[in-house]
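Data block below; observations after.
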2 protein chains.
Amino acid sequence: MLCGTSANENAIKTAFIWYQAQRRGGLGPDALHLESCMNQQKPGTPNLSVMGFEGAFHGRSLCMLSVTRSKPIHKVDIPAFDWPIAKFPRYKYPLDQNVAYNKKQDQECLADVEAKISEWKRRDNDVAAIIVEPIQAEGGDHYGSPAFFQGLRDITSKHGIVFIVDEVQTGGGATGDIWAHDHWNLSSPPDMVTFSKKLLTGGYFYGEHLRVKEAYRIYNTWMGDPTKLLLLEKAVEVIKRDGLIEQSREVGAEFQKRLGELQASSGGKLDQARGRGTFAAVDFPSGSLRDKFVDLAISNGLHCGGCGDRSLRFRPSLVYTKKHLDLTFDLLDKTLKGL
Amino acid sequence: MLCGTSANENAIKTAFIWYQAQRRGGLGPDALHLESCMNQQKPGTPNLSVMGFEGAFHGRSLCMLSVTRSKPIHKVDIPAFDWPIAKFPRYKYPLDQNVAYNKKQDQECLADVEAKISEWKRRDNDVAAIIVEPIQAEGGDHYGSPAFFQGLRDITSKHGIVFIVDEVQTGGGATGDIWAHDHWNLSSPPDMVTFSKKLLTGGYFYGEHLRVKEAYRIYNTWMGDPTKLLLLEKAVEVIKRDGLIEQSREVGAEFQKRLGELQASSGGKLDQARGRGTFAAVDFPSGSLRDKFVDLAISNGLHCGGCGDRSLRFRPSLVYTKKHLDLTFDLLDKTLKGL
């Protein structure tokens, strides 16, 4: 595929194709299905939905916008599929001081997922797939716990729903593993994982049961770009040679610690410090203060950016070391004092 | 954009954005629109549709599949938007012997377009854009007349509908002009033209009135690929230097003439010879005979392919000359005799 959006689009198409084959006892489309789809009638054109989450971002095509809920400017004026959106956990930090609250978040969100699966089934619009980010990035750096994702895996397995993990932002090593879902210790792997960005091309991998049997159902003119694969091969070689994932894990742990300390010394200006590896974020009391901070940080020489309503997010590259970390926190400290 | 499908997706998004701005008296989205779209409620998430045509192909994303009607295997098992599909002319050839019949085709198809615009308006699902190929390629090489497209331009202007011409297959010179719509002599240009394939990257151009004012509404991570533009610049340079469009026009006229002669001498095996420039097609009595012909032609050394149910299509590249044409028709003749 060419990009993260097209990876997600085709992953979802693959899920629909599998879901309909299951309804036919594992068979491909028959004459009735092939005829009726040309008039967009059932059974060839089914009512099927994909579940997304509040705060999610999966791309800007019409299909992906229907499961995207990060910012209004992406969605406004564009028609959408009537697909369910479930709650995604909103934890309190630090995690070790908010265990009971956060556990309840997981339970409430998983209950919402179950309720909406039932509701859409009653509306004859079965949920064929659930798509979820390990870390809701565009939507404000919201992190899901391993327990939440284990719950999602169990629910999707129980209902025969395809579990798609969108690792377009998280895939590639910056969370301290090549895939963020490696941290979850799932009972069985996700059915599909989509990727792009750091992996230089777009694509997805999937369980063998999802392989589409008929030709031309998942297809595009260029079928990716071989030159991007050459670049990716070299990038992976360097990641291994220089131990960049291990480095990202170590420097990431230090980053999280220092961000917590910065928050503690910020006199209430910073809150909810959080992260995984070198993925990290912290909240300001308001969006306007966050924006001021970002402007000042950039003029001080620190490249950083906002996400969500009032979060500041950090996305160091894989070559980020302790030396860069010291510089980062000097500049954060200076910026905070100048605010 | 990265490909033809993403060009079409974003052209359609641009059309929706414009259509909704017109409803607001030219203004961008207000607070009510921005809030309601996050719950996919009106007015922020409108009911709006795009009209496509029977036999059309515009890509394989969920949005584009909703206006695609070329082959069941593309559409089956995939949910779709409830968007109108109008009739596209099915002419008899040769054109100069079927003037009255073909004129009636144009009239019937344009009446169908008008009727379905009204029907979808009554269903509170206004047609915001019409997307059409100059030559329905995947669907069986169906050519629309200049009069048909002039009619479409007039209808879309009258109703305030965005007129999108999908030149993903036809753009680049092989029809005897850089754009196939250059042949139509329209009262005013199409509102948007999308392209890809021969133009090496994906994109679209549009009337100034359609320019989106707000940031981040039409956007993707990579915003195309600059290396593809370097290749395209060189390709355009060679097209001009070697007069390849003029050549394509001349050799195309000869191609059409020879294809008519081949049909006349085929003893009824070939029918409906048609084309524009070096875009050309001819029909067989059945799909199975067409498939046999294609296999035999390839084994004879002629690279060609089928389209639609029983058509054979020709897509010579821009460097195709009289010498290649003689060779083509020798091989076609040999294949036909061996069938």
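Tabulated data
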{"read-out": "Which numbered condition A:Phe57 fails, given (1) touching a residue at least 12 places away in the same chain (Cβ under 8 Å); (2) within 18 Å of B:Arg60 (Cα to Cα); (3) more than 7 Å from chain B (Cβ to nearest Cβ)", "value": "(2)"}
{"read-out": "Filtered residues of the range A:224-241 (kept if touching a residue at least 12 places away in the same chain (Cβ under 8 Å) and more than 23 Å from the chain's Cα centre (by Cα))", "value": "A:Asp225, A:Leu231"}
{"read-out": "Flag if A:Pro72 is within 13 Å of chain B (Cβ to nearest Cβ), surrounded by fewer than 22 Cβ atoms within 10 Å (Cβ to Cβ) and more than 17 Å from the chain's Cα centre (by Cα)", "value": "yes"}
{"read-out": "Selected residue (only one of B:Glu250, B:Glu261 is part of a helix (DSSP H, G or I), of a type in the set (D, E, K, R) and closer than 23 Å to B:Glu167 by Cα)", "value": "B:Glu250"}
{"read-out": "Residues of the range A:166-200 satisfying the condition of being within 16 Å of the chain's Cα centre (by Cα) and of a type in the set (A, V, I, L, M)", "value": "A:Val168, A:Ala174, A:Ile178, A:Ala180, A:Met192, A:Val193, A:Leu199"}
{"read-out": "Output for the range B:165-187, where each listed residue is touching a residue at least 24 places away in the same chain (Cβ under 8 Å), more than 30 Å from B:Pro29 (Cα to Cα) and not in a loop (DSSP other than H, G, I, E, B)", "value": "B:Ala180, B:His181, B:His183"}
{"read-out": "One residue from A:Arg274, A:Arg258 being at pLDDT 95 or above, over 14 Å from A:Ala137 (Cα atoms) and not aliphatic (A, V, I, L, M)", "value": "A:Arg258"}
{"read-out": "Total residues in the range B:148-165, condition under 16 Å from the mean Cα position of the chain (by Cα) and closer than 19 Å to B:Glu108 by Cβ", "value": "5"}
{"read-out": "Residue in the range B:230-237 that is modelled with pLDDT of 95 or more and surrounded by 18 or more Cβ atoms within 10 Å (Cβ to Cβ) present", "value": "no"}
{"read-out": "Any hit, the range B:85-95, residues being over 21 Å from B:Val165 (Cβ atoms), over 17 Å from the mean Cα position of the chain (by Cα) and surrounded by 19 or more Cβ atoms within 10 Å (Cβ to Cβ)", "value": "yes"}
{"read-out": "Which listed residue, of B:Thr227, B:Thr221, is assigned to a loop (DSSP other than H, G, I, E, B), within 24 Å of B:Ser196 (Cβ to Cβ) and either more than 14 Å from every other protein chain (Cβ to nearest Cβ) or β-branched (Val, Ile, Thr) (or both)", "value": "B:Thr221"}
{"read-out": "Residue within the range A:292-303 that is within 14 Å of another protein chain (Cβ to nearest Cβ), surrounded by fewer than 20 Cβ atoms within 10 Å (Cβ to Cβ), closer than 28 Å to A:Leu199 by Cα and under 24 Å from the mean Cα position of the chain (by Cα) present", "value": "no"}
{"read-out": "Identity of the residue in the range A:201-211, more than 10 Å from chain B (Cβ to nearest Cβ) and crowded, with 17+ Cβ neighbours inside 10 Å, that ends up farthest from the chain's Cα centre (by Cα)", "value": "A:Leu210"}
{"read-out": "Test: residue in the range B:76-91 that is aromatic (Phe, Trp, Tyr), closer than 24 Å to B:Gln272 by Cα and part of a loop (DSSP other than H, G, I, E, B)", "value": "yes"}
{"read-out": "Members of the range B:268-277 found to be touching a helix residue (DSSP H, G or I) at 6+ places or on another chain (Cβ under 9 Å) and assigned to a loop (DSSP other than H, G, I, E, B), listed by number", "value": "B:Lys269, B:Leu270, B:Gly277"}
{"read-out": "Unmet criterion (only one of (1) more than 13 Å from chain A (Cβ to nearest Cβ); (2) in contact with a helix residue (DSSP H, G or I) (Cβ under 8 Å, 6 or more places away or on another chain)) for B:His142", "value": "(2)"}
{"read-out": "All positions within the range B:188-205 that are in contact with an Asp or Glu (Cβ under 8 Å, 6 or more places away or on another chain) and touching a residue at least 40 places away in the same chain (Cβ under 8 Å)", "value": "B:Thr194, B:Phe195, B:Thr201"}
{"read-out": "Hits in the range A:7-49 - residues which are within 7 Å of another protein chain (Cβ to nearest Cβ) and of a type in the set (Ser, Thr, Tyr)", "value": "A:Thr45"}
{"read-out": "Single residue of B:Lys87, B:Lys71, B:Lys104, B:Lys92 found to be modelled with pLDDT under 95, farther than 21 Å from B:Val212 by Cα and assigned by TED's automatic domain parsing to the domain that holds B:Pro134", "value": "B:Lys71"}
{"read-out": "Top-ranked residue of the range A:188-200 - restricted to ones that are part of a loop (DSSP other than H, G, I, E, B) and away from chain B (no Cβ under 14 Å), ranked as nearest to B:Val76 (Cα to Cα)", "value": "A:Asp191"}
{"read-out": "Matching entry among B:Ala174, B:Ala180 (being of a type in the set (Gly, Ala, Ser), modelled with pLDDT of 95 or more and buried (at least 24 other Cβ atoms within 10 Å of the Cβ))", "value": "B:Ala180"}
{"read-out": "Top-ranked residue in the range A:142-164 [being in contact with a Lys or Arg (Cβ under 9 Å, 6 or more places away or on another chain) and free of Cβ contacts under 8 Å to residues at least 60 places away in the same chain; ranked as surrounded by the most Cβ atoms within 10 Å (Cβ to Cβ)]", "value": "A:Phe163"}
{"read-out": "Members of the range A:92-126 that are outside any helix (DSSP H, G or I) and in contact with a Pro (Cβ under 9 Å, 6 or more places away or on another chain)", "value": "A:Asn125, A:Asp126"}
{"read-out": "Qualifying residue in the range A:110-128 (condition: buried (at least 21 other Cβ atoms within 10 Å of the Cβ) and among the polar types (S, T, N, Q))", "value": "no"}
{"read-out": "Subset tally (residues that are among the acidic types (Asp, Glu) and over 20 Å from B:Leu95 (Cβ atoms)) for the range B:265-313", "value": "3"}
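The values are calculated or read from the model by the stated rules, or taken from the named source; none is laboratory data. Keep in mind the model is a prediction, meaning the values are calculated, not measured. Cβ atoms come from the backbone with ideal geometry, glycine included; neighbour counts cover every protein chain shown.
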